[in-house]
1. Based on this model, can you work out whether Leu103 counts as under 31 Å from the mean Cα position of the chain (by Cα) and open to solvent by less than 40 Å² (accessible area, probe 1.4 Å)?
2. Name the residues in the stretch 2-57 that are within 30 Å of the chain's Cα centre (by Cα), within 24 Å of Ser118 (Cβ to Cβ) and either modelled with pLDDT of 95 or more or open to solvent by 90 Å² or more (accessible area, probe 1.4 Å) (or both), would you?
3. Can you report the number of residues in the stretch 63-72 which are within 22 Å of Gly26 (Cβ to Cβ) and surrounded by fewer than 17 Cβ atoms within 10 Å (Cβ to Cβ)?
Amino acid sequence: VSPSAPGAGGIRSYLKSKIGVSILVGLATAVSLAALGVDLWLVFGLLGFWLNFVPTVGTLVAVLLPMPVVLLDERFGPVQVVLALALPLAAHGFAGNVLEPMLFGSTLRLHPVVVLLSLMTWAALWGVTGMVLAVPITAVLRIRLAHIDSPTTQYLADLLAGGPEPGRPGAPGGGGGGGGAREGVEPVSELELARVALDAGATPNPRLRPAIPPPPPPPAASSKAAHPSAAGAEDQRTPLASAPPYQSLDLWASENV
């Protein structure tokens with residue numbers, strides 16, 4: 001792996017940790033079988049080292065391989081048989097459930113379905129060697145994809161892991177992601193947004209437009225409008241003082257001459 005490649009540090013850390021854990025498992029298997037006096041203990045230790053790279057299936061095979069030799073040997077009683085099965089199983093279980101989570105952390109994040117498919121794919125291509133290298137190859141591929149700044153590669157890495165990485169934007173509980181309200185910022189109601197849009201002169205959503213109160217009713221009609229006959233009579237009566245001057249002079253002349 002090139003030192004400048006994206007995710008090179010994570011890939012090297014994973015490979016070193018996986019090889020180290022497998023060496024410990026092989027040593028524990030070989031020492032326990034040698035202490036019990038099992039023949040071919042060195043061979044079973046080497047098989048335990050290689051089969052530790054194969055998840056689940058490798059553990060079962062590594063634990064069950066020495067059993068025919070132990071059961072066919074007349075020197076071993078029931079206690080030795082149980083110990084020959086339990087000690088390698090405990091070594092694999094401690095490595096897989098305690099050591100690897102502590103050393104790898106979130107580096108080895110592969111969905112169980114992805115692990116099964118990778119085992120089937122690489123076993124079909126390379127046989128037993130493909131089964132041994134299936135999980136390391138898939139884990140290195142996921143680490144490399146996760147460190148490339150591209151939405152497509154990020155999606156593929158999340159697909160292999162079964163979900164987004166915690167702490168990354170867009171992940172549940174991750175910082176800086178979209179989807180939830182940010183801490184310390186109060187949510188704004190849709191009505192407030194509509195009022196802001198109205199103040200800015202924009203056209204808000206019609207269903208959010210505030211209700212416009214109806215116009216006030218017209219003023220009540222006057223008494224003259226209510227009684228048009230009386231108003232007409234008053235208009236027909238023109239007092240003398242309100243008549244033009246020449247009408248008043250003619251009337252005075254006709255009455256006094």
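The values are calculated or read from the model by the stated rules, or taken from the named source; none is laboratory data. Only a predicted model underlies this, so the values are computations on that prediction, with no experimental measurement involved. Every residue, glycine among them, receives a Cβ derived from its backbone with ideal geometry; neighbour counts consider all protein chains shown. The area values use the complete protein model at the heavy-atom level, side chains included, leaving out ligands, DNA and RNA. Shrake-Rupley method; radii C 1.70, N 1.55, O 1.52, S 1.80 Å.
1. no
2. Arg12, Thr56
3. 3
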